[in-house]
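Engineer: I'd like to ask you about the structure that follows.
The values are calculated or read from the model by the stated rules, or taken from the named source; none is laboratory data. Since this is a predicted model, take the numbers as computed values, not measurements. FYI the Cβ positions are ideal-geometry reconstructions off the backbone, even for glycines, and counts take in every protein chain you see. Note: accessible area is taken over every heavy atom of the protein model, side chains too, but ligands, DNA and RNA are not part of it. Shrake-Rupley method; radii C 1.70, N 1.55, O 1.52, S 1.80 Å.
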Amino acid sequence: MPKSVLTAIVLLLWSLTIAAQQFKTHAVKEGETLESIAKQYRVTPYNILTYNKELKQGEPLRPNTVLVIPLGGQATGVQDTISAPKAAEEAPVQEEPIGYTSHRVRRKETLYSISKRYRITEDDIKRYNRELYAAQLKKGMRLKIPKYRRVRQEETQIDSLNFEQYTVKPKETRWSIAHKYGITIDSLLVLNPELPKTTNYLAEGQQLRLPILAGSSVEEQEVSLYESYTVPPKQTLYSLGREYGIDSQEIVKLNPEIIELGGLKEGMVIRLPKKKDDSGEVNTDNFIFYEVKPGQNVFRLTQNLNITYTELVALNPDLTEGLKAGMVLKLPRDKEGEFEVKNALILDKINLLDSINTSNRPRLLFLLPFRLDRLNLNDTENTKKNLERRNDIKYSLGLYSGALVALDSIAKLGISVDVKTFDNELNLNRTKEILLRENLNGFSAIIGPLDPNSLKEVAVQAANHQVPVIAPIASNSDISLGNVFFSIPSDDILRERILNYAEGIREEQNIIIIADSINKPVEALIVERFPLAKTVTLKENLSVDIEVFSAMLSEEHENWVFVETDNFKIVSSVSSILNSSITEDIKIKMFTTNKNKAFENDVISSSHLSNLNFCYPSVYKEVGNDAFVKQYRQRFGSIPDRYAIRGFDLTYDLLLKLAYKNNLFEASQLIGEIEYTGNKFDYNKDISSGYFNTASYIMQYDTMWIKEVKP
């Protein structure tokens, strides 16, 4: 990495946090203490001491002293003198929202009127719209309104005669169960508040509370279900009850969210009883599901889902009563169309660039081992040696330099991002020290650290505040926390990708496998996919018996040779033998399911790999002179390496999703695969061990170029 890049990054590391900081003044009143003022502004006493050097820890405050109060972040670089246990005792208990509502400020509205409308406090509004601490409320401003589960105890009691315990069956999802019962996802969550908000996963055998009509159950009489109903203007419980011939209290019992939201609201989607015929098992083996969005019409929906109206009604009889927001529609599992399916749910195509909400203001925390303690910029030779010798420094600086360009790019789109950056020095104790000082509540995401021990520590503490942690390392870690996003696909995911590709294009090719002793399990996986594959046993010197191997080659069909090893000597020897075996009659194509460092050694002949059309799965692709490369060269005066490209793509993807939802958990459920400069991202939730990026490439050598293969 050029010294110009290193110098620029080091200077930015020291200045970035201060540049993002906002402040407020406070005149000390009689009887106020450092702790009470800190609690009032939701900062720590240490934060106030950092910006008011005249104050001394433990000394009383003098009335009328004007203090500078930091807002939206804390200072960095100095050890906090407040102990973690004491800070925890002093921190006010804050109820966590169950979700958020967007509100556009109208003419003559005030914080007081808005707070009364949503039955929250003015502080609640300011807490999630931090710009209001320094700016006045203005017409047209978009506010993020928190929703709390504030229901009186007597109103939340469930009448066992109207609800039943439902046992989740294999392959069932929230959408399939909602469809079966004719309810919305919102109602399902209200009835089962213990369901996690960060994942849609349901375990087989899990117990759910679901509604029934008197004398019926899904198990006994599945025709007794419900229909979705969108509340029109001026609708009341009394008039709705008369229209459907049921008591208004029955409507409330069937829709607990009515109480939670303070009565019927225009546009609310509720469920009402209706008999319908729904035969057949409704699960992910047979169906995929689509949740109807507000404002959609049947014509556009049938076009998007590639299905006729008649076919759609046959599967979803409720449609005869009209299309309503919140309805869960089912389609055959094998249905094809211009849509993406994720966890059995059809995703709407979302253009993130067109879906940005400029009122969202993400807060990012970078925790990477820059090892500034080991770099001396005045000693050029020593700095170069450290960069060449230490991959952690090279990766961190590359990743962060790309991230800085991503921050520039998102700023041009009108999104303001608060950033804090720390050097954790690849040290668990240093990481714990940083976490003691920092209040993680309010951060949109944390990027890093690199070492597994520090990553686990950060993930555990961030989970307490429902903050996602983006892991730049590979996903074959033992970390099993639901808030970790592993940005690099695992070896297993990449292996599955290349085997699926090979299986999909195979006709009558002759398959041969060359694997060393360590990779015998991989050999078994390939044989499982291709039972007629031949296997080659390596000799003691890790070479191939040429006569034995030549006898396995076919002249009638192309030969596919899978090479599975971590030893560069084997790769060099085998690729040379394969290359020399190519004739007019013998065609050979070389594969691997894991292109590790053994395939990148300098002794490996690129011309041999090109002649063999070497094909492999990859996390990234080669990049040309695109907009990012030009931006990077303009800022740092050099061409970005692989790490810088990944840093840009990872950070830009994260920021676009946060600009769309400012909740990565929600955004990842709604957004499928997206490709950037040299990387793809498609995060899928595992049962208990976080989110995994499953997007990857198939790459192939072709006439001395490495090209992407698009199946």
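Engineer: Are any of the residues in segment 366-384 at pLDDT 90 or above, over 16 Å from residue 651 (Cβ atoms) and not in a helix (DSSP H, G or I)?
Structural biologist: yes
Engineer: Right, something else. Which numbered condition trips up residue 356, out of (1) modelled with pLDDT of 85 or more; (2) part of a loop (DSSP other than H, G, I, E, B); (3) in contact with a strand residue (DSSP E or B) (Cβ under 6 Å, 6 or more places away or on another chain)?
Structural biologist: Residue 356 satisfies every listed condition except (3).
Engineer: Considering only segment 294-311, state which residues are more than 22 Å from residue 267 (Cα to Cα) and within 32 Å of the chain's Cα centre (by Cα).
Structural biologist: The answer is 302, 303, 304, 305, 306, 307.
Engineer: Out of (1) at pLDDT 75 or above; (2) open to solvent by less than 60 Å² (accessible area, probe 1.4 Å); (3) of a type in the set (S, T, N, Q), what's the single condition that is false for residue 236?
Structural biologist: (2)
Engineer: Just wondering, is there one or more residues in segment 563-573 that are touching a residue at least 40 places away in the same chain (Cβ under 8 Å), in contact with a Phe, Trp or Tyr (Cβ under 6 Å, 6 or more places away or on another chain), open to solvent by less than 80 Å² (accessible area, probe 1.4 Å) and outside any loop (DSSP other than H, G, I, E, B)?
Structural biologist: Looking for residues that are touching a residue at least 40 places away in the same chain (Cβ under 8 Å), in contact with a Phe, Trp or Tyr (Cβ under 6 Å, 6 or more places away or on another chain), open to solvent by less than 80 Å² (accessible area, probe 1.4 Å) and outside any loop (DSSP other than H, G, I, E, B), one finds none in segment 563-573, hence no.
Engineer: While we're on this one: For segment 520-532, what are the residues that are in contact (Cβ under 8 Å) with a residue 24 or more places away in the chain and either more than 19 Å from residue 589 (Cβ to Cβ) or open to solvent by 20 Å² or more (accessible area, probe 1.4 Å) (or both)?
Structural biologist: Result: 523, 525, 529.
Engineer: In addition: Looking only at segment 603-624, count how many residues are touching a helix residue (DSSP H, G or I) at 6+ places or on another chain (Cβ under 9 Å) and either surrounded by fewer than 17 Cβ atoms within 10 Å (Cβ to Cβ) or of a type in the set (A, V, I, L, M, F, W, C) (or both).
Structural biologist: 10
Engineer: Also: Please work out which residue is modelled with the lowest pLDDT, limiting yourself to segment 82-92 and to residues that are exposed (fewer than 12 other Cβ atoms within 10 Å of the Cβ) and part of a loop (DSSP other than H, G, I, E, B).
Structural biologist: Checking each candidate, the answer is 83.
Engineer: Let me confirm something: among 645, 698, which residue is over 12 Å from the mean Cα position of the chain (by Cα), open to solvent by less than 10 Å² (accessible area, probe 1.4 Å) and either among the small types (Gly, Ala, Ser) or at pLDDT 90 or above (or both)?
Structural biologist: 698
Engineer: What are the residues in segment 97-118 that are among the charged types (D, E, K, R) and surrounded by 13 or more Cβ atoms within 10 Å (Cβ to Cβ), if any?
Structural biologist: 109
Engineer: OK, next. Among the residues of segment 418-444, what is the count of those that are under 20 Å from residue 483 (Cβ atoms) and assigned to a loop (DSSP other than H, G, I, E, B)?
Structural biologist: Residues meeting the conditions: 8.
Engineer: Right, residue 680: of a type in the set (Lys, Arg) and surrounded by fewer than 20 Cβ atoms within 10 Å (Cβ to Cβ) or not?
Structural biologist: The answer is yes for residue 680.
Engineer: Okay, moving on. Filter segment 294-331 for residues that are of a type in the set (Val, Ile, Thr) and under 20 Å from residue 272 (Cβ atoms); which is least open to solvent (accessible area, probe 1.4 Å)?
Structural biologist: Only one residue fits best here, namely 328.
To keep it simple, each residue is scored yes or no on (1) surrounded by fewer than 17 Cβ atoms within 10 Å (Cβ to Cβ); (2) at pLDDT below 75.
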residue	(1), (2)
33	yes, no
37	no, no
42	no, no
46	no, yes
53	yes, yes
58	yes, yes
62	yes, no
66	yes, yes
69	no, no
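Engineer: Taking residue 148 and the conditions (1) open to solvent by less than 40 Å² (accessible area, probe 1.4 Å); (2) modelled with pLDDT under 70; (3) not β-branched (Val, Ile, Thr), which numbered condition does it fall short on, given that it satisfies the others?
Structural biologist: The one condition residue 148 does not meet is (2).
Engineer: Okay, next question. In this structure, is residue 598 free of Cβ contacts under 8 Å to residues at least 60 places away in the same chain and open to solvent by 50 Å² or more (accessible area, probe 1.4 Å)?
Structural biologist: So residue 598 does not fit the description; no.
Engineer: Residue 671 passes all but one of (1) closer than 23 Å to residue 353 by Cβ; (2) modelled with pLDDT of 90 or more; (3) open to solvent by less than 30 Å² (accessible area, probe 1.4 Å); (4) of a type outside the set (Phe, Trp, Tyr); which number fails?
Structural biologist: Among (1) closer than 23 Å to residue 353 by Cβ; (2) modelled with pLDDT of 90 or more; (3) open to solvent by less than 30 Å² (accessible area, probe 1.4 Å); (4) of a type outside the set (Phe, Trp, Tyr), residue 671 violates only (2).
Engineer: Quick check on this structure: which one of 513, 498 is buried (at least 18 other Cβ atoms within 10 Å of the Cβ) and touching a Lys or Arg at 6+ places or on another chain (Cβ under 9 Å)?
Structural biologist: The match here is 513.
Engineer: Conditions first: (1) at pLDDT 75 or above; (2) in a helix (DSSP H, G or I); (3) open to solvent by 50 Å² or more (accessible area, probe 1.4 Å). Residue 186 passes all but one, so which condition is the exception?
Structural biologist: (1)
Engineer: Which of the residues spanning segment 93-147 are part of a loop (DSSP other than H, G, I, E, B) and of a type in the set (Val, Ile, Thr)?
Structural biologist: Result: 93, 98, 105, 110, 120, 121.
Engineer: Here is a follow-up. Suppose we keep only residues that are open to solvent by 30 Å² or more (accessible area, probe 1.4 Å) and modelled with pLDDT of 65 or more within segment 274-286. Which one would you say is nearest to residue 318 (Cα to Cα)?
Structural biologist: Only one residue tops the list, namely 281.
Engineer: Next question. Restricting attention to segment 189-233, and to residues there that are small (Gly, Ala, Ser) and in a strand (DSSP E or B), which single residue is modelled with the lowest pLDDT?
Structural biologist: 224
Engineer: Something else now. Taking segment 304-318, which residues are within 17 Å of residue 181 (Cβ to Cβ) and modelled with pLDDT under 80?
Structural biologist: Of everything in segment 304-318, just one residue is within 17 Å of residue 181 (Cβ to Cβ) and modelled with pLDDT under 80, namely 318.
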